[in-house]
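Here the structure is laid out as structure tokens; the discussion comes afterwards.
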Amino acid sequence: MKRLQLITGALALMLATAIVLQAKEITVRGKLQKTVEAGGWLIVSNDTKYLILNPRNFQGNAWFKESTNVEAVGEVKEVMTTFMEGTPFEVKSMQPADQAMATPGRDDRRVTRVNVTGDSIVQAQPDTAIVTISVVTQNRSAIAAQQENATKTDAVIRALKAAAGAGAEVKTSGYSLQPMRVYKENQPPTITGYEARNSVTITLSDLTKIGSVIDASAQAGSNDVSGIAFTLRQDRQARDRALSEATREAVSKARVIATALGGRVVRIVEVQEEGFQQRPPVPMAEYGLAKASVATPIEVGSLDISSRVQLIAEVETNL
């Protein structure tokens, strides 16, 4: 009896292996129907029911609803489901039956995947400016250079706050006190004095005040403008526009490839956003102490906001 059980088990294993090896794509035609299990779908073909294992891949199509006649290509799977209503069927492609009949030579068509990228650059006006201003003092004595710098920096910060208004943010972004050395050939370096540097960063939302802020700081004692950076804090609208255009370009590329291959895009399999990038404009300015009646001119320009989308599409062709 034990030997018979072993032989029977071995035969069952060989049969299961043969079924797996012989699994191949089949074409099923029938009507879509909901199952007793919530969220489940069937393809009912005459007296046979096929349980769709991956209905979410197709539910975005307008034609995917009850009683629609469809033609689906896929594989029967050996899996267990909750209610076992129908033969488990993993669908690779599906379309309405009338569309499938209208496609000549469909049985000879093949589905392949194409990977394309969509890029987009949109321009937007920046809403924030970041200006870095420094006070640099030098003296033979370290304490003298430091104290002079502290006095001038205090005056500069007060002038910055007054010129920028209540909505601006002013903060210290760097401080250093370093010796100044003279180098001579074949001699050790000699310290001739000390340089103190105190850097202040001011963030403005009113871009019309940039020139007057620079002028006020210069008049108060600053002597170095490290640079001006522009950014877009409220960037949601521009980002959405860039993402939309990049997606449309990727879809357009997929359709061009499909047309060149003599086919069409069946569906979009995957879309990945590869991120955004802001390219700030280079500000044009004349730094330094301006005349009493003329503010330092600043031309803001536009920001370039770029977006990239990677898309995988299924293309049906005759090749």
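When Thr192, Thr137, Thr296 are arranged by Cβ crowding within 10 Å, least crowded first, meaning fewest neighbours, the order is Thr192, Thr296, Thr137. Taking the beta-carbon count within 10 Å as an exposure proxy, list Asp47, Asp206 from fewest neighbours to most. Listing Asp47, Asp206 from fewest to most nearby Cβ atoms yields Asp47, Asp206. Basic side chains Lys and Arg get +1 at the Cβ, acidic Asp and Glu get -1 at the Cβ, and with that the dipole of segment 179-224 about its Cα centre reaches some 160 debye.
Arranged from fewest to most other beta-carbon atoms within 10 Å of their beta carbon, Lys184, Lys77 become Lys184, Lys77. Across segment 264-270, computed HN-Hα scalar couplings (Karplus, 6.51 cos²θ - 1.76 cosθ + 1.60, θ = phi - 60°) run 8, 7, 7, 6, 8, 7, 7 Hz from first to last residue, x flagging Gly and Pro. Comparing Cα centroids, segment 149-204 and segment 47-73 end up 70 angstrom apart. If you take the square roots of the eigenvalues of the alpha-carbon gyration tensor of segment 32-94 and sort them as a ≥ b ≥ c, do you get rounded (a/c under 1.5), prolate (a/b over b/c) or oblate? Rounded, because the longest to shortest axis ratio a/c is under 1.5.
A short reminder: the numbers here are calculations on the coordinates, not readings from a lab. Only a predicted model underlies this, so the values are computations on that prediction, with no experimental measurement involved. Neighbour counts are summed over all protein chains in view; Cβ atoms, including those assigned to glycine, are modelled from backbone coordinates with ideal geometry.
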